[in-house]
Amino acid sequence: MSEEKPFPTQKTYQPGIVFQPEAHRHIGAGINKLVAAIRPTLGPTPRTVAMTRLDDVRKTPEVLDSGGIIARKVIEMGRRDEDMGAMLARALICAQHERMGDGSATAAVLLQAIYSGGVHYLASGGNAMRLRHYLERALVAALDGLDELTEPVAGKDELAKVAESICHDRPLSKLLGEIFDIIGAFGQLDVRKDHSRILRREYIEGMFWNSGLVSRDMITNQKELQTVYEEPAIVIADFQITDPRQIMPMLELAVDHKVEKLLLIAGELSGDAIAGLTMANGKLKNFEVMAVTGPGMNPDDRQDAIEDLAVVTGGLPLLKVTGQNLRDIRWENFGRARRAWASPHNFGIIGGKGDPRHLRRHVSNLQTQYERTDDAENRGRIRARIGKLMGGSATLWIGGLSESEIEARKELAEATADAMRAAVRDGVLPGGGMSYLNCRRRLRPHLNDAADPDERAAYRILYEALAEPARTIYENAGYEPGEVLGWIAQAGNRGGFDVIRENLAECGSLLDAAAVQKMALKNAVMTAGMALTIDVLVHHRTPEIARSPG
């Protein structure tokens with residue numbers, strides 16, 4: 001029997017150009033294929049999608065229920081013409097997932113509905129550029145409608161409702177609601193794997209960094225493996241300390257000012273320098289010192305940590321770039337705090353005594369940077385800094401019956417936490433697709449008053465598309481969407497239909513993060529508008545063919 005040949009991993013393509021109307025047809029086909037794979041994941045009763053690699057078909061398929069993860073794993077789809085449409089949709093869905101952690105399936109079905117409606121109108125003779133212009137104008141009206149429906153969220157019970165609408169995991173939602181009620185939108189949350197079968201949380205007072213004591217000889221509480229100082233002085237430096245004589249000016253200045261506890265944060269300490277500090281603990285009366293290495297895995301992170309520590313403690317850091325060392329130390333370099341603690345792996349500061357006005361300005365500047373950046377890694381780094389400075393820290397331990405279950409639940413918790421931050425910061429909207437249905441009343445006057453055919457088409461297309469998320473949620477739960485929408489209209493409230501409890505829900509029982517829903521709508525309209533104005537598809541031949549002779 002001949003050996004089965006593996007699937008080819010590299011296709012060869014010839015150059016080509018595709019004009020209208022085929023361009024719109026192929027883009028639409030690609031969007032439809034990708035969205036069809038993501039649509040079943042929308043709602044609290046999602047169906048799942050099985051995925052496997054084309055070059056490893058014997059491997060057990062991954063079973064996924066996250067639109068963002070599904071889109072991220074799709075790297076090519078169908079014919080090249082259709083693949084262009086699929087990749088436009090993929091870019092939208094991945095951006096939504098990375099920025100917000102939720103709303104990727106919502107953005108996908110909105111994009112499909114808007115693009116499909118737009119193509120049908122253009123086929124009847126509409127102008128693509130004018131339609132795009134009016135779609136963007138209609139978006140503003142819809143966002144205004146969402147703003148009117150947005151309400152602040154507070155309390156662990158309401159926050160738990162938001163979490164449950166995102167992750168559909170009640171025990172996890174209950175813990176996340178409690179955590180974000182305590183730490184707020186920017187609080188530091190570490191999600192970690194646990195070897196138990198349960199979920200648990202741990203709160204840490206003040207701020208902490210993942211960098212620990214330079215020597216276990218500095219541990220005073222062997223049972224808890226940590227050292228705690230009350231009312232310590234704090235010295236911050238970013239350079240290496242190799243000679244024990246370098247630390248003498250710092251120790252002398254501390255003793256002269258009657259400092260009893262001292263925390264040294266330094267870039268690195270040699271064995272001799274550590275021995276000198278340990279010796280000082282035994283020889284100097286009424287004086288103790290401990291040292292930790294400066295936090296951060298790279299120079300940028302270390303610089304950020306030093307800046308934040310200086311603001312919190314009120315000390316002036318000694319920096320290598322300025323040519324300073326511990327011989328240059330002055331009393332102004334010493335910061336203060338109500339308490340400091342350190343273990344072999346972490347250290348923390350509680351009640352830093354820096355200038356509160358300076359701290360508020362610093363946090364405000366970081367929040368401005370956070371809002372202005374679109375880079376997911378940058379946003380995460382800035383958010384972590386703000387969380388530390390605001391003093392709210394928690395650890396969520398994820399347990400389960402198997403390693404795969406723990407990993408999946410951990411990813412779910414992290415994605416839900418991102419959306420929860422948006423809810424705490426920007427408020428909530430009626431869930432279950434009702435926010436989009438309710439905001440349509442802002443479009444109705446524009447639709448009725450529009451005299452221009454392109455304008456009227458744009459408002460009609462968006463008006464119809466805004467019902468698609470709710471329709472999809474009901475369909476995925478096994479209901480006839482038209483019937484459910486009829487029940488809601490007959491009930492005459494601003495709530496929605498709870499597909500879990502199978503009844504009409506009161507307003508406030510179903511909640512979504514407002515920022516997530518607004519971002520999904522904005523991304524869908526902008527991407528659909530761009531796709532509708534694409535007139536020509538141009539294909540290059542593959543690099544391998546381009547380099548071949550002839």
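The values are calculated or read from the model by the stated rules, or taken from the named source; none is laboratory data. What you see is a predicted model, and the numbers here were worked out from it, not measured in a lab. Methodologically, a virtual Cβ is constructed for each residue, glycine included, from the backbone with ideal geometry; neighbour enumeration extends over all protein chains shown.
Things worth noting here:
- Selection of the range 42-99 for residues being at positive phi and of a type in the set (S, T, N, Q) yields an empty set.
- Selection count where residues are in contact with a helix residue (DSSP H, G or I) (Cβ under 6 Å, 6 or more places away or on another chain) and surrounded by fewer than 21 Cβ atoms within 10 Å (Cβ to Cβ), scope the range 228-241: 1
- Restricted to the range 217-304, the set of strands (runs of 3 or more DSSP E) holding at least 1 residues that are over 28 Å from GLY380 (Cα atoms), assigned by TED's automatic domain parsing to the domain that holds GLU332 and of a type in the set (Ser, Thr, Tyr) comprises 227-230.
- Any pair with Cβ under 6 angstrom, 6 or more apart, that starts in the range 496-517 at a residue that is surrounded by fewer than 20 Cβ atoms within 10 Å (Cβ to Cβ) and ends at one that is of a type outside the set (A, V, I, L, M, F, W, C) and modelled with pLDDT under 70: GLU506/GLY495; CYS507/ARG494; CYS507/GLY495
- Taken together, the criteria place GLY267 among residues that are in contact with a Lys or Arg (Cβ under 8 Å, 6 or more places away or on another chain) and surrounded by fewer than 21 Cβ atoms within 10 Å (Cβ to Cβ).
- Top-ranked residue of the range 206-226 - restricted to ones that are surrounded by 14 or more Cβ atoms within 10 Å (Cβ to Cβ) and over 23 Å from ALA273 (Cα atoms), ranked as modelled with the lowest pLDDT: GLY206
- Flag: LYS353 does not match the condition of being under 30 Å from VAL214 (Cβ atoms) and within 20 Å of the chain's Cα centre (by Cα).
- Among the residues of the range 380-405, those identified as buried (at least 18 other Cβ atoms within 10 Å of the Cβ), over 18 Å from the mean Cα position of the chain (by Cα) and at pLDDT 85 or above are LEU389, TRP397, ILE398, GLY400.
- Test: residue in the range 448-455 that is among the aliphatic types (A, V, I, L, M), surrounded by 19 or more Cβ atoms within 10 Å (Cβ to Cβ) and on the phi < 0 side of the Ramachandran plot: no
- Residue in the range 316-325 that is crowded, with 19+ Cβ neighbours inside 10 Å, at pLDDT 90 or above, outside any helix (DSSP H, G or I) and in contact with a strand residue (DSSP E or B) (Cβ under 7 Å, 6 or more places away or on another chain) present: yes
- Pairs, first assigned to a helix (DSSP H, G or I) in the range 356-367, second crowded, with 16+ Cβ neighbours inside 10 Å and β-branched (Val, Ile, Thr), C-beta under 7 Å, six or more apart: HIS358/VAL311; LEU359/VAL311; LEU359/VAL312; HIS362/VAL311; VAL363/ILE386; LEU366/ILE382; LEU366/ILE386; GLN367/ILE386
- ARG197 vs. criteria touching a residue at least 12 places away in the same chain (Cβ under 8 Å), surrounded by fewer than 16 Cβ atoms within 10 Å (Cβ to Cβ), assigned to a strand (DSSP E or B) and of a type outside the set (S, T, N, Q): no
- Members of the range 270-315 found to be buried (at least 20 other Cβ atoms within 10 Å of the Cβ) and of a type in the set (Asp, Glu), listed by number: ASP308
- Here the condition is being at pLDDT 90 or above, in contact with a Gly (Cβ under 7 Å, 6 or more places away or on another chain), not basic (Lys, Arg) and not in a strand (DSSP E or B); of LEU159, LEU146, it holds for LEU159 alone.
- GLY125 meets the conditions (1) over 26 Å from THR373 (Cα atoms); (2) part of a strand (DSSP E or B) in every case but one. The failed one is (2).
- Which listed residue, of GLY28, GLY85, is in a helix (DSSP H, G or I) and buried (at least 24 other Cβ atoms within 10 Å of the Cβ): GLY85
- Pairing each residue of the range 433-446 that is without any contact (Cβ under 8 Å) to a residue 60 or more places away in the chain and in a helix (DSSP H, G or I) with any residue that is buried (at least 20 other Cβ atoms within 10 Å of the Cβ) and hydrophobic (A, V, I, L, M, F, W, C), provided the two are 6+ apart or on different chains, yields C-beta distances under 8 Å for LEU437/LEU466; LEU437/ALA470; LEU437/ILE488.
- Positions within the range 473-488 being over 26 Å from LEU135 (Cα atoms) and part of a helix (DSSP H, G or I), in sequence order: TYR474, GLU475, ASN476, GLU483, VAL484, GLY486, TRP487, ILE488
- Of the candidates ALA422, ALA470, the single residue that is modelled with pLDDT under 90, in a helix (DSSP H, G or I) and crowded, with 20+ Cβ neighbours inside 10 Å is ALA422.
- Here ALA266 qualifies as within 15 Å of PHE239 (Cα to Cα) and touching a residue at least 24 places away in the same chain (Cβ under 8 Å).
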